[in-house]
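The values are calculated or read from the model by the stated rules, or taken from the named source; none is laboratory data. Keep in mind that this is a model prediction, so the values were computed, not measured. Because the Cβ atoms are built from the backbone with ideal geometry, glycine has one as well, and the counts that use them run over all protein chains shown.
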């Protein structure tokens, strides 16, 4: 197996890239992961009252502020993930956001729908942890710096 070992930054360990892996594959993964965030953020923009009601229903304070934070994290974070800009930090933030939403909004594991949403968020956090660990790949803004 051909690998390239390159230092990634001062705060992250050395990462090995397999030369046989197509350069487009991490980009496709980033697009797939970010799609749910961008679409969810846009749906919150389209129906803010419904989202505020949902936030209120789980007992979280400052629902309008939480809505604004969620929209910002989802849309801006999703776009940054696709572009591969500051991808490790963005993926880490989105992973934490996914875990928080799993536990605050989908923790009724006796409800099959909530059970599915809970573990979807856990799986997304796992995929994002991989991006945080290994970076955005060669087709990312981070690779160009």
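Which one is nearest to the chain's Cα centre (by Cα), of the residues in segment 46-63 that are surrounded by fewer than 13 Cβ atoms within 10 Å (Cβ to Cβ) and assigned to a helix (DSSP H, G or I)?
Top of the filtered list is 46.
Quick one: would you say residue 67 is more than 19 Å from residue 33 (Cα to Cα), buried (at least 18 other Cβ atoms within 10 Å of the Cβ), under 19 Å from the mean Cα position of the chain (by Cα) and at pLDDT 95 or above?
In short, yes.
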